[in-house]
Structure formats: structure tokens, C-alpha cells
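This report concerns only the one structure given below.
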Amino acid sequence: MFISAFPAGPLAANCYVVAAAADRGAECVVVDPGQDAAGQLSALLAEHGLTPAAVLLTHGHFDHVWSATEVARDHGVPVYVHAADRPLLTDPAKGLDPALAAQLSALLGQVGLEEPDDLRELAGGETLALAGMELRVEHVPGHTPGSVCYGLAPGGAEPILFTGDLLFAGSIGRTDFPGGDHGEIMRSLERVCSDWADTTGVRPGHGPQTTIARERATNPFLGDIPGR
């Protein structure tokens, strides 16, 4: 399996490129192309000879979705997002506190954000067959109402979970923005930590990669989650 990542934009949101193999000419999926991601993504795709088959969004916050429409149109591919976060794609201020919303408005000016031409809504529980991979969609509300994780269980390798802003190395997603809910995110974390093996590799929306086992042992927010 091939996984490459780079931090995009001022908030350093991780953008991932995922393929079943590192073969030139292979298809891939792009997870969370955020601010200023398009140029770095194009260079990475050219370097490895990969062709996108889809864009997957873990949630609707602008730092994760900013370049989604551009990338999808450049490559003629669909964008997947949970239905509850779809409104954030064209009105990102809905997911921010007033101060950040004002800053974003100043940044955008009169430029409006558009939905991708081919936008596909998720509900959670689906398995997406894309680029020769099967990705399991987990609805994990709490950071936003439509947050999802994308899980892979490649044959002969440990599982991998793209957690967006649900779970980080040493922390969890904030819940003080509109649509956030601390009780919801804790229930989502408990479910993910129960459903996925401790050996699962966590690829978060910000910061370094980690594992479920490491977070169970060291993450101060997971101390009350029951063991297996």
C-alpha cells in the first residue's frame, strides 16, 4: 500500500494520497485537500505517476475541504462528504465561531465557494470500492455533525484509519465550534476504539501519525474509555 501525506495551508491540515500499490499509473484517493493543497498534490501525483479516482472528506471545515472542488474538477472525479457537513462546503462560516468566521470572510472577500460538480453524500456504514481498495466509512459526530473516518484493512497488513479531527496523537478534536458536541465525540471515540484493533494505524487530520494502542495508553482524553 502507498500512503503519502503533506500539511496544507496555515492550519497544516494533513492531505493524504492513498493507493493500493505504489505502481506508476495506479489510481488513488485523495483525503482532505485543504488550503493551498492543489499545487503540492499535483507535484506528488506527478512524482509517483498516480491518478485520482475520488476525493474523500473527513468533515466540512474549510481547512480540510478548501481545494476539494478544484482537485475534483481538475481530475474529473467525485467528492464524498457526509450529508450533515455538506452545507459547510459553500458556507464555511457556519462551522466556525464568530471571530474565526469574520477572519475567514475577510480572507475570502467576495469570492464564493462552489460545490463540486459530482458530490456524493455519505451516511456512515458504507464501504466504498475505490482505486482497488475498500474503504469503510464510520460516522463519528462530535467535532462536526458530519465527521467521518475512513478505514482500510489491507490484506496482510495492519488496519489504517483516517480520523480527520476526531483523534490526534495525544489529543482529540475540539467541540466548541458550532455543531460540536463533547458527549458525541466521546461516544464516537469509544466506538472507534472498540471497533478497531489496537494495532490500527491512525492517520489524523493534523499532526503526526499514531496508533489506537498508543492513544489508549497515553492520550489523556481516552482515560475513561473502557478497555477491550
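Taking 0.36 nm per residue of separation and subtracting the current Cα-Cα distance, fully stretching the chain between R187 and R174 would add 3.3 nm. Computing FRET efficiency as 1/(1 + (r/R0)^6) for A129 and E158, where r is the C-beta to C-beta distance and R0 is 22 Å, gives about 0.60.
Antiparallel as a % of all DSSP beta bridges within the chain, to the nearest 5?
Working: 25 of 40 bridges.
Rounded to the nearest five, the antiparallel share is 60 percent.
Which net charge results when you count Lys and Arg as +1 and Asp and Glu as -1 among the other residues whose beta-carbon is under 10 Å from that of H139? That sum, taken over residues with Cβ under 10 Å, equals -1. Each Lys and Arg contributes +1 and each Asp and Glu -1, all at the Cβ; summed about the Cα centre of the chain, the dipole is approximately 420 debye. Separation of region 65-92 from region 150-180 is 19 Å, based on Cα centroids. Per-residue surface analysis assigns E121 an accessible area of about 100 Å², computed on protein heavy atoms at 1.4 Å probe radius.
Normalised by the number of residues in region 1-157, the average gap of Cα pairs under 8 Å and 6 or more apart makes the relative contact order 19 percent. Local charge for L119 was computed over the other residues whose Cβ lies under 13 Å away, with Lys and Arg +1 and Asp and Glu -1, and equals -3. Taking the protein heavy atoms of the chain in the context of the full set of protein chains, the accessible area attributed to carbon and sulfur is 51 percent at 1.4 Å. The alpha carbon convex hull volume per residue for region 35-104 rounds to 85 Å³. Restricting to region 1-113, what percent of DSSP beta bridges are antiparallel, rounded to 5? Counting only bridges with both partners in region 1-113, antiparallel ones make up about 60 percent. The alpha-carbon atoms of region 102-228, seen along their principal axes, cover 50, 36, 25 angstrom, with the largest extent given first.
Under 20 Å from a label point set 7 Å out along the Cα-to-Cβ vector of A217, the amide N atoms of region 134-158 belong to 158. The equivalent ellipsoid that matches the C-alpha gyration tensor of the chain spans semi-axes of 25, 23, 15 angstrom, in descending order. Other residues with beta-carbon under 12 Å from the beta-carbon of A169 carry, at +1 per Lys or Arg and -1 per Asp or Glu, a net charge of +1. The residues of the chain expose on average 42 square angstrom of accessible surface per residue, using a 1.4 Å probe on protein heavy atoms.
Placing a pseudo-label 7 Å from each Cα along the Cα-to-Cβ vector at E121 and R86 gives an inter-label distance of 0.3 nm. Extension gain, T199 to E70: 0.36 nm times the residue separation minus the Cα-Cα distance gives 42.9 nm. Build a GNM of the chain with springs between Cα atoms under 10 Å apart, and of G146, G76, G125 the one that fluctuates most is G125.
The values are calculated or read from the model by the stated rules, or taken from the named source; none is laboratory data. Since we're looking at a predicted model, the values are computed, not measured. Neighbour counts run over all protein chains shown; Cβ positions are idealised from the backbone, glycine included. Just the protein is used for accessible areas: all its heavy atoms, side chains included, with ligands, DNA and RNA removed. Shrake-Rupley method; radii C 1.70, N 1.55, O 1.52, S 1.80 Å.
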